[in-house]
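The values are calculated or read from the model by the stated rules, or taken from the named source; none is laboratory data. Computed from a predicted structure; not experimentally measured. Reconstructed Cβ throughout: ideal geometry from the backbone, glycine too, with neighbour counts over all protein chains shown.
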There are 4 protein chains.
Amino acid sequence: MQSRPRLLSQGVLEKMVCRCGPITKDGAQASYIPILREADPSRLGICVADNAGRVLKAGDAEETFSIQSIVKIVTFTCSLLDSGMDRVQEKVSVEPTHDGFNSIINLATKNDSKPLNPMINAGSIACLPFVRGGTLADKSDRIVDFVKKMAGNPDIHVDEDIFQSERSAGSRNRALAYYMKSTDVIENHVDVEELLDAYFRTCSIRLSSVDLAKIALVYANNGMNRTDGVELFPKEIARMIKATMVMCGVYDESGEVATRIGLPTKSGVGGGILSIVPNQMGIGIYGPALNAKGSSVAGLALLEMLSAYMDASIF
Amino acid sequence: MQSRPRLLSQGVLEKMVCRCGPITKDGAQASYIPILREADPSRLGICVADNAGRVLKAGDAEETFSIQSIVKIVTFTCSLLDSGMDRVQEKVSVEPTHDGFNSIINLATKNDSKPLNPMINAGSIACLPFVRGGTLADKSDRIVDFVKKMAGNPDIHVDEDIFQSERSAGSRNRALAYYMKSTDVIENHVDVEELLDAYFRTCSIRLSSVDLAKIALVYANNGMNRTDGVELFPKEIARMIKATMVMCGVYDESGEVATRIGLPTKSGVGGGILSIVPNQMGIGIYGPALNAKGSSVAGLALLEMLSAYMDASIF
Amino acid sequence: MQSRPRLLSQGVLEKMVCRCGPITKDGAQASYIPILREADPSRLGICVADNAGRVLKAGDAEETFSIQSIVKIVTFTCSLLDSGMDRVQEKVSVEPTHDGFNSIINLATKNDSKPLNPMINAGSIACLPFVRGGTLADKSDRIVDFVKKMAGNPDIHVDEDIFQSERSAGSRNRALAYYMKSTDVIENHVDVEELLDAYFRTCSIRLSSVDLAKIALVYANNGMNRTDGVELFPKEIARMIKATMVMCGVYDESGEVATRIGLPTKSGVGGGILSIVPNQMGIGIYGPALNAKGSSVAGLALLEMLSAYMDASIF
Amino acid sequence: MQSRPRLLSQGVLEKMVCRCGPITKDGAQASYIPILREADPSRLGICVADNAGRVLKAGDAEETFSIQSIVKIVTFTCSLLDSGMDRVQEKVSVEPTHDGFNSIINLATKNDSKPLNPMINAGSIACLPFVRGGTLADKSDRIVDFVKKMAGNPDIHVDEDIFQSERSAGSRNRALAYYMKSTDVIENHVDVEELLDAYFRTCSIRLSSVDLAKIALVYANNGMNRTDGVELFPKEIARMIKATMVMCGVYDESGEVATRIGLPTKSGVGGGILSIVPNQMGIGIYGPALNAKGSSVAGLALLEMLSAYMDASIF
């Protein structure tokens, strides 16, 4: 018989943040663009939002930062919602991969040139054209709006400084996109520079771990926004998102996270982590000191502690 | 709030087998060894064992066949149980991969030469030396015994004809093993031929889908054998097994299975499928007509139908 | 004792063109840009220029076409001449590879990310910044001028239509260039779009097989222009060019060409072939019907016949 | 006009060995088997045999050592001679590759699974079955005999201690061979263990740099043994051997050697180097201190000095 997870209290959460704080010293901020290097690496915060309407916060939970790769789950969601699974999957697989987030190898070695997964850069870029919108800028607006709606926070916005920085440091992503254009994963009429602008724009959404927790809760409830009872997307899409998160959400330590933590999780180099306890809870974490693989080092420790405490693994 | 899965009845199960029967025509038996070609491709059977002690069967549920790759979850379990996670993970990762079950590419391109996953051949072969036993033959005996114990069936045995066939057709597995010996994943004192004999022996265990369902139920209950209340292995191991099954259990369609079916699943070229509804149910399926990727074509269809009916996806 | 090569006569050359003519039917024009598809696939011409000052022509020797990949030997020559071997080799290796001309795999798998060879697209693009010139446009002008000088033909020019076509179909080359920028093979200050414009411009040089033969003769004489006695580049550079041509000059059939023909050879998708009999002779061929690997199908047959006739293999 | 190479004298050769002696300190003996570690790393010797019948020796020219990879040119020669180019090339390509001598990657990524080149381990193992002989032992005897005949030295023999060492350290080669058996490059009836015994036996042939020089001279003369006027193999085979040596004879520095030295060359981890000046001269070198890529470090320096002195590059 399945035991109910232990209930979480404010005190317990604060104690966990306190215990994980020193782990921030084992990491460092992302450095590929100057603006990310400005983050204070000692920061650590968490927010947990549950189906009972409780929103617990501890540490630097209100601090804002750029969403970075976490937006990939929203881009994938919108592409599936707006164009349907069949059309999207013509261009992007949902297969697991150990390859790095910016790998070009599988594009070049797999026969059909399809990016393996919407959780890696190539796959996410390939999803973007399937999002609703007359122009690529409209498509990125749609994603920003979807983030706002799920978080219930109209103040969420694109950070223009981060956007400009991403854009000027985007050679690898340009390589991925032009490669996919050359193999028709990105169709010929799509302007790669506009596509990358849209992509970088969505990566530069600034929000807090509280926002992440609320977004996570929507996925935990299979697309239903509990605050207003509106179904934002159907269960099939929610499940596909969660499955791909388990397989590829934490770069090339996804397997480690699946086995140690057991929750659908997506991290970003901005220091954010979004994690889902299906049917129960959304979790947002912020900690800009990253481990060697690009995820918040103290954030993952905190998430592991939390999952163990609540016995929340889906496995 | 999570709805309870719909209850399954004998009638429903039989109807599903009936509906999936024609799908067997879309596949063909494995052909790399003659003996597997002898299977009747029109066979299809299923057994579901649950925590209420119910054991439902439909179709060719009692038919026996070789366990093949499904034994990998037992080998991994025993290696973790007997040598501990740390020692095993020095030699085998638990990262997802899209590569084929017999791929040598990652062994050759990843810096540390570690097989990515215990669910692919290389990883499973590398796990075997960590199973308890004075000799490699003892280690394979231990795995056979563990299968018997989980299934509660003393009649399960190694099929000598299949074993001899596997052995004589084992060039690719020999290549994998010798490669790993050359990179010290398999330690120098291990005799590769004996290791492969042990490996092929465990692949040749003959059992039925009823046995698979009962084994699956032990994993569903995180290592606890519900019939006698004995804990065969701790929850941590059960979770690691289920997580790796989701990521890599169904060869290079693991991602498809995770998103469409959402249950920890392992298939074998003998036609068997073992699938787990955590905390509730074990599922065993037999259908020797395989799809192009090496899994039972009608079996996967049946499993998808069943998962949808019960709304059982873990995601 | 080495026998002297048989002397070539006008009649012999014409007979060879005649015999190889029907082979043009086994190929087809390049089709990745519309303008190359306009070429007449039945064309076949050859010019041989030797140290005695003889210039033999047969078939469509005066027909002009775009130089395409053959310009890579000139780009490599100019980069070595203008920046020295050491600087160029910091960014580009001279190792053989079987990979296709537009492969990105080795860039992604070799540790230092250096393109393997200046005869493949990535390597040639990486050489271009080392050519003398204040701007990238100046660098491409330098290459065009060098081609004119070696051919002794002031009428050689860039075909603007081909240039525009190449440019608009350049996604794969953009991917290669941005990838190399992301790994610092192309330095950060270099504008990739300008670099590719320069690259496409040099690929669009229009000339005839007579021009190719004269250029080849300069390489045959290790950099010395026999018509005016001027040394255009030193012997060390000539040898490096010829060695890389043998290893990689004919895409992924370089090995076949080395063993069957045995002459330093470079082909282009415009239908041209430039081949060198060291110390004796320059050969230019035109035949726009390409084989599956991108070289003139009848042109290679003609070259093999010629090499056999003259017993000219360097091996 | 081609200048004649400068004539070599005993004094010049001794001076070169003297100058290159200190370079031996930059390398180390092969260490993958204990017996190779016993070689004295300070040794350096050379022998040059020419068409005038002169045999110049300097340094440790008479020292014997194991032929190792240099035997690959003999194995390839015998396979072409005994089975014809067409049959051999069904199983082995002659394309250049930058991959290491024991790489398995191309076997696994190229569609047809053919080893790229008879100068790398996989390709050489695949050539062996094409050598004449009722058993695999007979085939290795044929290769040993061919080496003796070319060198005109009946005392050349297989070193049993080295053979046993090679054999017991052969996991990587076993991996390559079993992999090729699994893809039918090595046909099903061939016993891999016997094949590897034959392979290791030929690698363990013990000879001196004088022997290598005489063997090289046969290739320099396109198969003709100048001492007795007997044609051992036709020119077509000689050319194919020399071309593959230029492309792949010196492991992954073949390109460097082609551009810097410009002579068909094959090195072995026993410290030997065999190099050919076409139509003129055979060169044998011994220096067991190897560079990081597995060739004699002082030996290559000596060869470069010699080639430059004689202006002998074929390019």
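Do the conditions hold for C:Ala177, that is, is it in the same structural domain as C:Gly53 (by TED's automatic domain parsing) and either without any contact (Cβ under 8 Å) to a residue 40 or more places away in the chain or surrounded by 21 or more Cβ atoms within 10 Å (Cβ to Cβ) (or both)?
Values: in the same structural domain as C:Gly53 (by TED's automatic domain parsing): no; either without any contact (Cβ under 8 Å) to a residue 40 or more places away in the chain or surrounded by 21 or more Cβ atoms within 10 Å (Cβ to Cβ) (or both): yes.
Spelling it out, it is not the case that C:Ala177 is in the same structural domain as C:Gly53 (by TED's automatic domain parsing) and either without any contact (Cβ under 8 Å) to a residue 40 or more places away in the chain or surrounded by 21 or more Cβ atoms within 10 Å (Cβ to Cβ) (or both).
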Response to the item:
D:Glu166 passes all but one of the listed conditions (1) in contact (Cβ under 8 Å) with a residue 40 or more places away in the chain; (2) within 11 Å of another protein chain (Cβ to nearest Cβ); (3) charged (D, E, K, R); the exception is number (2)
Item to complete: Report whether or not B:Ala220 is of a type outside the set (D, E, K, R), closer than 22 Å to B:Met16 by Cβ and surrounded by 24 or more Cβ atoms within 10 Å (Cβ to Cβ).
Response: yes
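Against the condition modelled with pLDDT of 95 or more and either within 14 Å of another protein chain (Cβ to nearest Cβ) or over 25 Å from C:Gly270 (Cα atoms) (or both), how does C:Asp112 come out, does it pass? Walk me through how you get there before you give the answer.
Working: modelled with pLDDT of 95 or more: no; either within 14 Å of another protein chain (Cβ to nearest Cβ) or over 25 Å from C:Gly270 (Cα atoms) (or both): yes.
So C:Asp112 fails the test.
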Item to complete: Assess whether D:Val297 counts as being more than 18 Å from D:Thr77 (Cα to Cα), of a type in the set (Val, Ile, Thr) and not assigned by TED's automatic domain parsing to the domain that holds D:Gly84.
Response: yes
Worksheet item: Does any residue of the range A:124-137 turn out to be of a type in the set (A, V, I, L, M), within 14 Å of chain C (Cβ to nearest Cβ) and farther than 22 Å from A:Ile237 by Cβ?
Response: no
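Looking at D:Asp141, is it assigned to a loop (DSSP other than H, G, I, E, B), without any contact (Cβ under 8 Å) to a residue 40 or more places away in the chain and either surrounded by fewer than 17 Cβ atoms within 10 Å (Cβ to Cβ) or in contact with a Gly (Cβ under 8 Å, 6 or more places away or on another chain) (or both)? Please lay out each step first, then the result.
Working: assigned to a loop (DSSP other than H, G, I, E, B): no; without any contact (Cβ under 8 Å) to a residue 40 or more places away in the chain: yes; either surrounded by fewer than 17 Cβ atoms within 10 Å (Cβ to Cβ) or in contact with a Gly (Cβ under 8 Å, 6 or more places away or on another chain) (or both): yes.
No, not satisfied.
Quick check: is even one residue across the range A:253-268 hydroxyl-bearing (Ser, Thr, Tyr), at the interface with chain B (Cβ under 9 Å from one of its Cβ atoms) and touching a Cys at 6+ places or on another chain (Cβ under 8 Å)?
yes
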Worksheet entry | Identity of the residue in the range B:29-50, surrounded by fewer than 17 Cβ atoms within 10 Å (Cβ to Cβ) and modelled with pLDDT of 95 or more, that ends up farthest from the other protein chains (Cβ to nearest Cβ) | B:Ser42
Practice prompt. Could you tell me whether the range B:56-72 includes any residue that is over 22 Å from B:Gln280 (Cα atoms), touching an Asp or Glu at 6+ places or on another chain (Cβ under 7 Å) and at pLDDT below 95?
Written response: no
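With the condition kept exactly as written, say whether any residue in the range B:303-311 is over 24 Å from B:Ala61 (Cβ atoms) and of a type in the set (Asp, Glu). Steps first, please.
First, the residues of the range B:303-311 that are over 24 Å from B:Ala61 (Cβ atoms): none.
Within the range B:303-311 (the criterion being over 24 Å from B:Ala61 (Cβ atoms) and of a type in the set (Asp, Glu)), the answer is no, since none of the residues qualifies.
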Item to complete: Being surrounded by fewer than 24 Cβ atoms within 10 Å (Cβ to Cβ) and within 15 Å of the chain's Cα centre (by Cα) is the filter here, so list the residues in the range D:253-267 that pass it.
Response: D:Glu253
Discussion item. Which of the numbered conditions does C:Ile205 fail, given that it passes all the others? Conditions: (1) away from chain A (no Cβ under 11 Å); (2) within 24 Å of A:Asn188 (Cα to Cα); (3) out of contact with any Gly (no Cβ under 9 Å at 6 or more places or on another chain).
Written reply: (2)
Item to complete: Would you please name the residue that is nearest to the other protein chains (Cβ to nearest Cβ), looking only at residues in the range C:225-252 that are modelled with pLDDT of 95 or more and more than 26 Å from D:Pro96 (Cβ to Cβ)?
Response: C:Glu231
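Of the residues A:Asn117, A:Asn106, A:Asn102, which is within 13 Å of another protein chain (Cβ to nearest Cβ), modelled with pLDDT under 90, assigned to a helix (DSSP H, G or I) and touching a helix residue (DSSP H, G or I) at 6+ places or on another chain (Cβ under 9 Å)? Spell out how you get there, then give the answer.
On the way: A:Asn117 fails: assigned to a helix (DSSP H, G or I); A:Asn102 fails: assigned to a helix (DSSP H, G or I).
Checking each option against the conditions leaves just A:Asn106.
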Fill in: Qualifying residue in the range B:182-196 (condition: at pLDDT below 95, over 15 Å from D:Ser182 (Cα atoms), in a helix (DSSP H, G or I) and at the interface with chain D (Cβ under 10 Å from one of its Cβ atoms))
yes
Worksheet item: Could you say whether any residue in the range B:156-171 is at pLDDT below 95 and aliphatic (A, V, I, L, M)?
Response: yes
Practice prompt. Output the number of residues of the range C:268-315 satisfying the condition of being under 20 Å from C:Pro22 (Cβ atoms) and buried (at least 24 other Cβ atoms within 10 Å of the Cβ).
Written response: 16
Discussion item. So, restricting to helices (runs of 4 or more DSSP H) that lie completely within the range A:1-97, which ones have at least 2 residues that are touching a Gly at 6+ places or on another chain (Cβ under 9 Å) and of a type outside the set (Val, Ile, Thr)?
Written reply: A:10-20, A:71-83
Item to complete: Consider only pairs whose beta carbons are under 6 Å apart and that are at least six residues apart or on different chains; among these, list those whose first residue lies in the range D:112-123 and is on the phi > 0 side of the Ramachandran plot and whose second residue is of a type outside the set (Val, Ile, Thr).
Response: D:Ser113/D:Leu107
